[in-house]
Amino acid sequence: MRSTSTYLTESDASVNAPEPAQYERHDSYDYILELDGAGKIVGGEWIGSSRMRHPDFLWLPQRLSRSSIPNLDIEKVRMLIAMSRESTPPTPGTTAAEFVSTGAAIAIPDNSTTGASSTITVDRALTIGSVQVDLDIAHSYSGDLKVTLTSPGGQSYTVWNNEGGSDDNIVRTINVPGVTGAAQGGWTLRAVDNAAQDTGTIRGWKLRITEGSGNGPTPSANVTIPGAGAMAIPDNSATGVTSEATVPAGTTGTVTVAVNVTHTYSGDLSLVLSHGSQTWKLRDQTGGGADNIVTTFPLTPAPTGNLAGSWSLKVVDHAGQDVGTLNSWSLTFAQ
């Protein structure tokens, strides 16, 4: 099941009323429903990039009562809400080592690629099984922020990718998939504010490491890496807009690309994915006057060599008048 939410972001300061369509943003979420033999919904789970970024609220047609939704077990809903607010516990038989940042809050420069950084030093030899971070970032528009975690070995992992829209602050526990190797040394959290006006600080953060064999995720687990989104596409410009995603070392699998673009004339657009010297033209001014591009593309031919490192998606608008936005995109590595 895929649902798409449409919302408005802040407009630039102006004495004239803005066109709402220029500030529309869209987020899509994917969910698999589990049915019993009689076709009744008995459960489900978020999939793909939605596992790490999905709504933490429920849309209800009326107040929550048995009469408003007859087939809804209210107590189970309350139980699920309570569970969603809990951190993921360590695997039985393992111990999570926790490390806490120190010092005063660090101001995040407004609309600057310099960003703000905070480092935690792991002072002991640990082999990584899994990694979590507890974020405590104050900001008046969390959708402005991109937050990355860099390991002692120099690998960078995206923790927060311009998500959250106009919500204040980022105070939550986030699992960081794909981290392997030795944990000892300096871990750096970096927050970059990608838009003007709203400001914030890194109030603090925690790094939580559960020991393991260091072999990373089990081979059966798919890995989804999101790229930066909420990026306006320049109208009728060969420059286009380019968004990057960083794939951690050791990632393997069959690659697909999920793209969510809002545009009032999709036939104006070309989409090109690049990794190293390899490129794939996902879309080349097809679709005519149809709105938007919300689809998943297989990569043909399949990528070769090391899949780790930087991947980029470039979207170009080749005609005037109609405009749009790269809302989101992600790479999925299926095992």
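Scanning for something assigned to a loop (DSSP other than H, G, I, E, B), at pLDDT 85 or above and in the same structural domain as THR121 (by TED's automatic domain parsing), does the stretch 157-167 turn up at least one residue?
no
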**OP:** List the number of the failed condition for GLY229; all other conditions in (1) in contact with a helix residue (DSSP H, G or I) (Cβ under 7 Å, 6 or more places away or on another chain); (2) assigned to a loop (DSSP other than H, G, I, E, B); (3) closer than 19 Å to THR4 by Cβ hold.
**Re:** (1)
**OP:** Quickly run through the stretch 276-291 and pick out the residues that are exposed (fewer than 14 other Cβ atoms within 10 Å of the Cβ) and either assigned by TED's automatic domain parsing to the domain that holds THR150 or modelled with pLDDT under 90 (or both).
**Re:** THR286, GLY288, GLY289, ALA290
Original post:
Among THR251, THR242, THR199, THR224, which is the only one that is closer than 23 Å to PRO298 by Cβ and either free of Cβ contacts under 8 Å to residues at least 40 places away in the same chain or surrounded by fewer than 19 Cβ atoms within 10 Å (Cβ to Cβ) (or both)?
Top reply: THR242
**OP:** Specify the residue that is farthest from LYS206 (Cα to Cα); the eligible residues are those in the stretch 117-146 that are over 20 Å from the mean Cα position of the chain (by Cα) and of a type in the set (A, V, I, L, M, F, W, C).
**Re:** ALA125
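For residues in the stretch 303-327 being among the hydroxyl-bearing types (Ser, Thr, Tyr) and in contact with a Ser or Thr (Cβ under 7 Å, 6 or more places away or on another chain), which is modelled with the highest pLDDT? So that I can check it myself, show each step before the final result.
From the stretch 303-327, those among the hydroxyl-bearing types (Ser, Thr, Tyr) are 304, 310, 312, 325; that's our starting set.
Pick out the ones that are also in contact with a Ser or Thr (Cβ under 7 Å, 6 or more places away or on another chain) and you get 310, 312, 325.
On the way: SER310: 92, SER312: 95, THR325: 92.
Applying the filter and picking the extreme gives SER312.
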**OP:** Inspect the stretch 275-284 for any residue being of a type outside the set (Phe, Trp, Tyr), under 24 Å from PRO248 (Cα atoms) and not in a strand (DSSP E or B) and give the result as yes or no.
**Re:** yes
Original post:
Taking the stretch 234-272 as the region of interest, how many residues are over 28 Å from PRO20 (Cβ atoms) and either at pLDDT 95 or above or of a type in the set (Val, Ile, Thr) (or both)?
Top reply: 9
Subject >> Residue identified as of a type in the set (Val, Ile, Thr), surrounded by fewer than 18 Cβ atoms within 10 Å (Cβ to Cβ) and part of a strand (DSSP E or B) among VAL257, VAL294 >> reply: VAL294
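Got a sec? Which strands (runs of 3 or more DSSP E) wholly within the stretch 68-127 have at least 1 residues that are modelled with pLDDT under 90 and loosely packed, with under 13 Cβ neighbours inside 10 Å?
Details: elements: 96-100, 106-108, 112-122.
Strands (runs of 3 or more DSSP E) meeting the threshold: 112-122.
For the stretch 168-211, give me each residue that is part of a strand (DSSP E or B), more than 17 Å from ASP136 (Cα to Cα), at pLDDT 85 or above and of a type in the set (A, V, I, L, M). Let's see the steps before the verdict.
First, the residues of the stretch 168-211 that are part of a strand (DSSP E or B): 170-176, 182, 185-193, 200-211.
If we keep only those that are more than 17 Å from ASP136 (Cα to Cα) too, we end up with 182, 185-186, 209-211.
Filter again for at pLDDT 85 or above, leaving 185-186, 209-210.
ILE209, the sole residue that qualifies.
The values are calculated or read from the model by the stated rules, or taken from the named source; none is laboratory data. What you are looking at is a predicted structure, and each value in this text was computed from that prediction instead of being measured. For neighbour counting, all protein chains shown are included, and Cβ atoms are generated from backbone atoms with ideal geometry for every residue, glycine included.
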